[in-house]
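Data block below; observations after.
The values are calculated or read from the model by the stated rules, or taken from the named source; none is laboratory data. Bear in mind the structure is a predicted one, so any value in this text is a computation, not a measurement. So basically every Cβ, Gly included, is an ideal-geometry build from the backbone, and we count neighbours across all protein chains shown. Remember, those area values only see protein heavy atoms, side chains included, never the ligands or the DNA or RNA. Shrake-Rupley method; radii C 1.70, N 1.55, O 1.52, S 1.80 Å.
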Amino acid sequence: MAQLAAITGLALAPAAQSAPVATIGHLSGGGAATNGPIAFSQVAFNVAIDSSGSASGSFECLMAGRSKGVLGAFNLAHNMIVHATPTTDSIVGSVVNFDGNATLKLDGSTQMSVHLHVWVNTATQQFQLRVLDLGAAGVMPVETLSRGGVQLR
């Protein structure tokens, strides 16, 4: 009878609840970026990083208008737009790395699903975007925020 009571007690005990994963950092900000003296892109970062290495939020990169001078190198006439949802992340000092799934739009007529990697150094205000599915063609140059800025809290 004691065994039955013990088994019943275990069966009726509330399931153990896992503790929520703590956010360890939030990368936010953006602005206009250059590669040396060349106006290159406009970016926005809103990435939350948790202690498990998961990430959530968004990353946007737009090359249009002020970037017109560099679009020819990508065989584009109008724009390149990247909209990403970060999924994994790491922070080492002032450098944040994240990977995620993204939508890449080229000249408004071609749209594809891609995977990307981005690193951001909040101390130097530099970042680099790599569209992994495009190989060497998907490696953008290191850019520096010339207007605006990013921070890690």
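Worth a mention:
- Residues of the range 105-153 that are within 18 Å of the chain's Cα centre (by Cα) and basic (Lys, Arg): Lys105, Arg130, Arg153.
- Filter pass, Ser146 being open to solvent by 30 Å² or more (accessible area, probe 1.4 Å) and in contact (Cβ under 8 Å) with a residue 24 or more places away in the chain: yes
- Residue within the range 58-69 that is of a type in the set (A, V, I, L, M, F, W, C), touching a residue at least 12 places away in the same chain (Cβ under 8 Å) and under 20 Å from His26 (Cα atoms) present: yes
One line per residue, one yes/no per condition, for (1) part of a strand (DSSP E or B); (2) over 19 Å from Ala32 (Cα atoms); (3) modelled with pLDDT of 95 or more:
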residue: Ser90; (1), (2), (3): yes, yes, no
residue: Phe98; (1), (2), (3): yes, yes, yes
residue: Asn101; (1), (2), (3): yes, yes, yes
residue: Ser113; (1), (2), (3): yes, yes, yes
residue: Thr124; (1), (2), (3): no, no, yes
residue: Gly135; (1), (2), (3): no, yes, no
residue: Arg147; (1), (2), (3): yes, no, yes
residue: Gln151; (1), (2), (3): yes, no, yes
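- Those residues of the range 55-80 which are open to solvent by 20 Å² or more (accessible area, probe 1.4 Å) and at pLDDT 95 or above, in sequence order: Ser56, Gly57, Ser58, Glu60, Leu62
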